[in-house]
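A short write-up of the structure that comes next.
The values are calculated or read from the model by the stated rules, or taken from the named source; none is laboratory data. What you see is a predicted model, and the numbers here were worked out from it, not measured in a lab. Cβ placement follows ideal geometry from the backbone for every residue including glycine, while neighbour counts extend to all protein chains displayed.
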């Protein structure tokens, strides 16, 4: 079990619904698929620490992030998680540069593994630094959100429907970026999608949530 | 234009209101935050108590302050052990106008805090910010236009305070006689019409400036709070 990048077994009652997910996933990119409303985003929120499971255990890369039996519940800021939200959540009151550097500045220097310049080149967003988030196109905002997550020195990445707000032309570009993160940066990635087609190009492992 | 006495009245009014705002700002923001973000037993009661000065006759608010801060009042006794009395002092006028301004300030600030997208705070947490840093870097800046608007409104309300002040600390020239109290006294004085006019013009200008100022702050805020997507 310790060789798995992700080992998740959680249960949460929300309103009348019960969200339960149990899976392990190796390094590389793992897709979580399932119909809309199956609770895929809730599973990511629980891994990131934004939502507390009723019971369960979350281990990522050998680190216990949550364990209801042992009373372990790391706060989000201690989980070293890179989370690209479906709604991106760029800070509207900060320019692109300050969005990108938000997590980078908070990460201890010895934990950082990517420089802001490298990230900007990697994602092709160097020319957007002085822009406000509200002025970005969907594809640009998506790249900035990915860059902000990568620069926060994460040990793993959560991507929530990263292609859903993009037209076909932009999708190819973001898919290429995600493939490079998977291959060159060797980050374990959990990728949520409701479309099988987009997942097939990327995922080493596919897990169905329902 | 204005006599030295009238300048003194305006200066006293500004001093009283500035002191009132310095005390009320953190209190109003704390109350606004709690009312916007927390739900607890007694929430409704707290909300009602905060709004009470808005609907209570100001004379009653002043009388309640007298009961609390008078020589035999609970708060008055505590202050007395520190050698402080606010009775018939400008600090008492500041206290009265602070209480009267509080509901307006809490309302404006609460709206702006409720308008802050909590998902952005979650994003800041995941990026490595602790609770306090997420508050300081996301919540506070996004709520700031409303906080400033509340401050300006509260200041204007406090400059105009009359009923609670005159009940609580009377109208003592040079000490507690603020602008509205001075206008009221001048109205009672034969031949005081010119003074009334001059002071009333000052009051109108101060109030108009505050309203325009708070409106501009809120507008500027709306631009900054526009969310992506």
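Restricting attention to region A:97-137, which residues are within 14 Å of another protein chain (Cβ to nearest Cβ), over 19 Å from the mean Cα position of the chain (by Cα), part of a helix (DSSP H, G or I) and touching a residue at least 12 places away in the same chain (Cβ under 8 Å)?
A:128, A:133, A:134, listed by residue number.
Quick grid of which residues meet (1) buried (at least 17 other Cβ atoms within 10 Å of the Cβ); (2) at pLDDT 95 or above:
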{"position": "B:12", "(1), (2)": "yes, yes"}
{"position": "B:20", "(1), (2)": "yes, yes"}
{"position": "B:28", "(1), (2)": "yes, yes"}
{"position": "B:33", "(1), (2)": "yes, yes"}
{"position": "B:38", "(1), (2)": "no, no"}
{"position": "B:41", "(1), (2)": "no, no"}
{"position": "B:60", "(1), (2)": "no, yes"}
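All but one of (1) outside any loop (DSSP other than H, G, I, E, B); (2) crowded, with 21+ Cβ neighbours inside 10 Å; (3) more than 12 Å from chain B (Cβ to nearest Cβ) hold for residue A:57; which doesn't?
Only one criterion is unmet by residue A:57, namely (2).
Hey, among the residues in region A:138-196 that are assigned to a strand (DSSP E or B) and more than 10 Å from residue A:82 (Cβ to Cβ), which one's modelled with the lowest pLDDT?
First, pick out the residues of region A:138-196 that are assigned to a strand (DSSP E or B): A:156-160, A:189-193.
Now drop any that are not more than 10 Å from residue A:82 (Cβ to Cβ), which leaves A:160, A:190-193.
Details: A:160: 94, A:190: 94, A:191: 91, A:192: 92, A:193: 87.
Looking at residues that are assigned to a strand (DSSP E or B) and more than 10 Å from residue A:82 (Cβ to Cβ), I get A:193.
If I ask for residues that are more than 9 Å from every other protein chain (Cβ to nearest Cβ) and in contact (Cβ under 8 Å) with a residue 40 or more places away in the chain, which ones from region A:77-96 would you list? Steps first, answer last, please.
Taking region A:77-96 and keeping what is more than 9 Å from every other protein chain (Cβ to nearest Cβ), we get A:84, A:86, A:95-96.
Result: A:84, A:86, A:96.
Can you confirm whether residue B:69 is modelled with pLDDT under 95, surrounded by 20 or more Cβ atoms within 10 Å (Cβ to Cβ) and in contact with a helix residue (DSSP H, G or I) (Cβ under 8 Å, 6 or more places away or on another chain)? I'd like the intermediate steps shown before the answer.
Numbers: modelled with pLDDT under 95: yes; surrounded by 20 or more Cβ atoms within 10 Å (Cβ to Cβ): yes; in contact with a helix residue (DSSP H, G or I) (Cβ under 8 Å, 6 or more places away or on another chain): yes.
In short, yes.
Could you list, in sequence order, all residues of region A:15-37 that are out of contact with any strand residue (DSSP E or B) (no Cβ under 8 Å at 6 or more places or on another chain) and farther than 24 Å from residue A:182 by Cβ?
The first filter runs over region A:15-37 and keeps only residues out of contact with any strand residue (DSSP E or B) (no Cβ under 8 Å at 6 or more places or on another chain), leaving A:15-17, A:27, A:35-37.
Of everything in region A:15-37, those that are out of contact with any strand residue (DSSP E or B) (no Cβ under 8 Å at 6 or more places or on another chain) and farther than 24 Å from residue A:182 by Cβ turn out to be A:15, A:16, A:17, A:35, A:36, A:37.
Run residue A:88 past the list (1) closer than 22 Å to residue B:141 by Cα; (2) over 20 Å from the mean Cα position of the chain (by Cα) and report the number of the one that doesn't hold.
Unmet for residue A:88, out of (1) closer than 22 Å to residue B:141 by Cα; (2) over 20 Å from the mean Cα position of the chain (by Cα): (2).
Quick check on my filter: what residues within region A:67-76 are within 14 Å of chain B (Cβ to nearest Cβ) and either touching a strand residue (DSSP E or B) at 6+ places or on another chain (Cβ under 9 Å) or assigned to a strand (DSSP E or B) (or both)? Spell out how you get there, then give the answer.
Of the residues in region A:67-76, the ones within 14 Å of chain B (Cβ to nearest Cβ) are A:73-76.
A:73, A:74, A:76 - these are the residues of region A:67-76 that are within 14 Å of chain B (Cβ to nearest Cβ) and either touching a strand residue (DSSP E or B) at 6+ places or on another chain (Cβ under 9 Å) or assigned to a strand (DSSP E or B) (or both).
Which of the following residues is at pLDDT 95 or above and either part of a helix (DSSP H, G or I) or in contact with a strand residue (DSSP E or B) (Cβ under 8 Å, 6 or more places away or on another chain) (or both): B:123, B:129, B:143? It would help to see each step written out before you state the result.
Working: B:129 fails: either part of a helix (DSSP H, G or I) or in contact with a strand residue (DSSP E or B) (Cβ under 8 Å, 6 or more places away or on another chain) (or both); B:143 fails: at pLDDT 95 or above.
The unique qualifying residue is B:123.
Does region A:84-99 contain any residue that is touching a strand residue (DSSP E or B) at 6+ places or on another chain (Cβ under 6 Å) and surrounded by fewer than 21 Cβ atoms within 10 Å (Cβ to Cβ)?
Taking every residue of region A:84-99 in turn, at least one turns out to be touching a strand residue (DSSP E or B) at 6+ places or on another chain (Cβ under 6 Å) and surrounded by fewer than 21 Cβ atoms within 10 Å (Cβ to Cβ).
Please go through region B:140-159 and give me each residue that is within 13 Å of chain A (Cβ to nearest Cβ) and surrounded by 23 or more Cβ atoms within 10 Å (Cβ to Cβ), ordered by number. Full working, then the answer.
Within region B:140-159, the first condition is being within 13 Å of chain A (Cβ to nearest Cβ), and the residues that meet it are B:140-145.
Once the filter is applied, which keeps residues that are within 13 Å of chain A (Cβ to nearest Cβ) and surrounded by 23 or more Cβ atoms within 10 Å (Cβ to Cβ), region B:140-159 yields B:142, B:143, B:145.
Does region A:180-197 contain at least one residue that is in contact with a strand residue (DSSP E or B) (Cβ under 8 Å, 6 or more places away or on another chain) and under 15 Å from residue A:123 (Cα atoms)?
To start, the set of residues in region A:180-197 that are in contact with a strand residue (DSSP E or B) (Cβ under 8 Å, 6 or more places away or on another chain) comprises A:181-182, A:187-196.
Then keep just the ones that are under 15 Å from residue A:123 (Cα atoms); that gives A:181-182.
Looking through region A:180-197, at least one residue is in contact with a strand residue (DSSP E or B) (Cβ under 8 Å, 6 or more places away or on another chain) and under 15 Å from residue A:123 (Cα atoms).
Quick test of your reading of the structure: residue A:12 fulfils all but one of (1) assigned to a loop (DSSP other than H, G, I, E, B); (2) over 29 Å from residue A:179 (Cβ atoms). Name the failing condition by number.
Unmet condition: (1).
Is region B:85-97 home to any residue that is free of Cβ contacts under 8 Å to residues at least 40 places away in the same chain and more than 14 Å from chain A (Cβ to nearest Cβ)?
Yes, there is a match, as at least one residue in region B:85-97 is free of Cβ contacts under 8 Å to residues at least 40 places away in the same chain and more than 14 Å from chain A (Cβ to nearest Cβ).
Would a scan of region B:161-175 turn up a residue that is modelled with pLDDT under 95, within 14 Å of chain A (Cβ to nearest Cβ) and surrounded by fewer than 19 Cβ atoms within 10 Å (Cβ to Cβ)?
No, because not a single residue in region B:161-175 is modelled with pLDDT under 95, within 14 Å of chain A (Cβ to nearest Cβ) and surrounded by fewer than 19 Cβ atoms within 10 Å (Cβ to Cβ).
When you check residue B:126 against the structure, is it surrounded by 14 or more Cβ atoms within 10 Å (Cβ to Cβ), closer than 29 Å to residue B:156 by Cβ and either in contact with a helix residue (DSSP H, G or I) (Cβ under 7 Å, 6 or more places away or on another chain) or within 14 Å of another protein chain (Cβ to nearest Cβ) (or both), yes or no? Steps first, please.
Details: surrounded by 14 or more Cβ atoms within 10 Å (Cβ to Cβ): yes; closer than 29 Å to residue B:156 by Cβ: no; either in contact with a helix residue (DSSP H, G or I) (Cβ under 7 Å, 6 or more places away or on another chain) or within 14 Å of another protein chain (Cβ to nearest Cβ) (or both): yes.
Spelling it out, it is not the case that residue B:126 is surrounded by 14 or more Cβ atoms within 10 Å (Cβ to Cβ), closer than 29 Å to residue B:156 by Cβ and either in contact with a helix residue (DSSP H, G or I) (Cβ under 7 Å, 6 or more places away or on another chain) or within 14 Å of another protein chain (Cβ to nearest Cβ) (or both).
Across region B:199-208, which residue is farthest from residue B:76 (Cα to Cα) among those that are touching a helix residue (DSSP H, G or I) at 6+ places or on another chain (Cβ under 8 Å) and surrounded by fewer than 16 Cβ atoms within 10 Å (Cβ to Cβ)? Walk me through how you get there before you give the answer.
Applying the first criterion (touching a helix residue (DSSP H, G or I) at 6+ places or on another chain (Cβ under 8 Å)) to region B:199-208 yields B:199-200, B:202-203, B:206-207.
Then keep just the ones that are surrounded by fewer than 16 Cβ atoms within 10 Å (Cβ to Cβ); that gives B:200, B:207.
Numbers: B:200: 34, B:207: 32 Å.
Applying the filter and picking the extreme gives B:200.
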